[in-house]
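A short worksheet on the structure shown next.
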Amino acid sequence: MATTAPAEQAPAAGGSKKKLIILIVVGALILLGGGIGGTMFLMKGKESKEASAKNKKAKAGDGEEATSADEADAEGEHVEEGDAEGEGEEAAKGEGEGKEGAKSAYVELSPPFVVNFQDDKKRARFLKAEISIMAKAPAVQEAITQNLPAVRNSLVMLLSRQVYEQLMTPEGKEKLRTDALEEVKAVLTKVAGAKKAKGVKDLFFSSLVMQ
């Protein structure tokens, strides 16, 4: 019996060694698997952070583009409003000029002028003239009517100085017309000022009869 005991213990020792090796291998596999899993987890976390940062950057870029677009739209609206205002001002200015042109009126110097004058042989002649003055500004028209006696006196003196034979020609009539215009301006310069006198644009004969 003393000789069989070591033989029985030998298999038991061999089984313990196998279990130890298996445990070591299993532990190594577990450690290796844990290391791989941790590495993959860290890599996924890094990728997730990078993706999140990219998303934030993209959103920030979209926000900046949207802000730029809004600012551009606002500038465009401002420019359009400015253009509209400018066009409105130009249209109003054009209408004002049109209205000012429409205000052009003729001040009729009534009653007609009737004067005596002479011909080359100093014979008495008769002249009848209907005269109208063109003036745009109402203030100038008012200045003419308010100073009508002075205007008429100056024109009567001018008509009385004429010579019959000279007024028989178109050139003579035109000269009388321009001289009468200058007389009116001269009178207004004295009684109403040069500014009002410049407002007198022209003078016309509605009729000119001589005998």
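The values are calculated or read from the model by the stated rules, or taken from the named source; none is laboratory data. All figures in this text were calculated on a predicted structure; none of them were measured in a lab. Note: ideal-geometry Cβ built from the backbone for every residue, glycine included; neighbour counts use all protein chains shown.
What tally of residues in region 155-211 results from selecting those that are of a type outside the set (A, V, I, L, M) and more than 17 Å from VAL107 (Cα to Cα)?
Qualifying residue count, region 155-211: 19.
Surrounded by fewer than 13 Cβ atoms within 10 Å (Cβ to Cβ), out of contact with any Lys or Arg (no Cβ under 9 Å at 6 or more places or on another chain) and among the small types (Gly, Ala, Ser): is that true of ALA129 in this structure? No: the conditions fail for ALA129.
Looking only at region 186-209, residues that are surrounded by 18 or more Cβ atoms within 10 Å (Cβ to Cβ) and under 42 Å from the mean Cα position of the chain (by Cα) come to 7 in all. When you look at VAL79, is it modelled with pLDDT of 95 or more and of a type in the set (Val, Ile, Thr), yes or no? Here the answer is no, as VAL79 does not meet what is asked.
Conditions tested, residue by residue: (1) under 17 Å from GLU130 (Cα atoms); (2) touching a strand residue (DSSP E or B) at 6+ places or on another chain (Cβ under 8 Å); (3) at pLDDT 95 or above.
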position	(1), (2), (3)
PRO149	yes, no, yes
LEU159	yes, yes, yes
ASP179	yes, no, yes
LYS185	no, yes, yes
GLY193	no, no, no
LYS196	no, no, no
VAL200	no, yes, yes
LEU203	yes, yes, yes
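Scoring ALA143 on the criteria (1) surrounded by fewer than 17 Cβ atoms within 10 Å (Cβ to Cβ); (2) within 51 Å of the chain's Cα centre (by Cα) leaves a single failure, condition (1).
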